[in-house]
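Take a look at the structure set out below.
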């Protein structure tokens, strides 16, 4: 059982002891800390916060605890009920709200849940803001409203439709061209809110959808992280139904992965690469991804005459770098697309619409499209943390060992070799050290990851 308090929110397993897991007491405490921080951050008379959740079984319980904590602080709440992370982000801005909370543990298994915290722009809080909320929670420094000042709750169930309408109105989404193609796809929505968001988007684009696990009942049929090893049913369904391609999203619909017509993974990293290729072919611009993302985005960006920048891992860091560098597209190699013409948040819905637009322009199969991009292969491993491991000291030893290489330390340690790289960092969402590598072949990427893990074992 685990409870992780970080600047990006609070995440943990349901049940168990207070302070060691995500219990009702912890949910109330952290929601109250967020509401208290918000009132000091934006001093005013009235406050409004948007709340939404994915379909995992604990979502309703955590949602009600969070909402009632905020009402108790005198804050009004707009509840979207089942929704997606990007939809909540957009709703915050469209409602002119003071902030938002998405109740989702994203790609984590069903026993997990979390509170993702947003500012008044519908964007994730920065490190300083997150740290302040942790301090307030630790101090139990809350002052609740008197009875006549308790907040009011309202429900709003149309924001997914509004989100879709905004996407279809974008100049870069070629609605009529997509409709003409009569695409057929298979969607694995892992029985969460992709089933009530991706499906209606596709239907409005006249795309035939074969639904696989699209009932938002929270009964995840497999590990919800959209990786190849978890998507064998999708692969089989694509082949069986002779679909043009397959689509996989995580429970809160901010990660997007594709499968080609042969049931082979297009590659999570290449979701962003392909969408960037499409946008850069339409207008000049810059791109951003995080340090753990593929070099392929850099290559495609430079091919189109743009500039590429890498940020620290974390959506808030990617967004800041995108704003600083006037990026027209950015995101993360885990299938997260950030398209600022819509909003600054990872969004599978707009990513899918842009990918479909790309296919209408290329007039080729998804497998053929993948062959047009540089070939890089990644290995993603993890080292379980134990109390005796001093992560900071360990990473300093790694940095010293590779001091003669090209080393970046803005987020953990990344070592860039001529034709490969390795990135080590402590996870914000799990008690692990992530070990990511990339090379020109899968064998080389796997070997580099193994070598690095052996090196770390020797340094502990």
Q.
Under the rule a/c < 1.5 gives rounded, and otherwise a/b versus b/c splits prolate from oblate, where does segment 295-431 land using the Cα gyration tensor?
A. prolate
Q. Which whole-percent values make up P(r) of segment 40-191 when all C-alpha to C-alpha distances are grouped in 5 Å steps starting at zero?
A. 2, 8, 15, 19, 19, 15, 9, 6, 3, 2, 1, 0
Q: Just report the Cα centroid separation between segment 9-83 and segment 207-274, whole Å.
A: 31
Q) For 202, 358, what's the fewest-to-most ordering of other Cβ within 10 Å of each Cβ? A) 358, 202
Q | For the chain: Kirkwood Rh in Å [reciprocal of mean 1/r, alpha carbons] | A | 22.6
Q | Residue exposure sequence - 259, 265 - by fewest surrounding Cβ within 10 Å | A | 265, 259
Q) What ratio of Cα Rg to 2.2 N^0.38 Å holds for segment 141-236? A) 1.52
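Highest mean first, what order results for 126-132, 343-349 on Cβ atoms within 10 Å?
343-349, 126-132
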Q) Rounded, prolate or oblate: which fits segment 183-263 when a ≥ b ≥ c are the square roots of the eigenvalues of the alpha-carbon gyration tensor, with rounded for a/c under 1.5 and prolate only if a/b beats b/c? A) oblate
Q. Highest mean first, what order results for 108-120, 157-169 on Cβ atoms within 10 Å?
A. 108-120, 157-169
Q) Nearest-5 percent of antiparallel DSSP beta bridges in segment 22-170? A) 30
Q | the chain: antiparallel DSSP beta bridges as a percent of all, rounded to 5 | A | 60
Q. Fewest to most neighbouring Cβ within 10 Å: what's the order for 393, 420?
A. 393, 420
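Where a number appears in this text, it was derived from the coordinates with a stated rule and is not lab data. Because the structure is a prediction, the values reported are computed rather than measured. Reconstructed Cβ throughout: ideal geometry from the backbone, glycine too, with neighbour counts over all protein chains shown.
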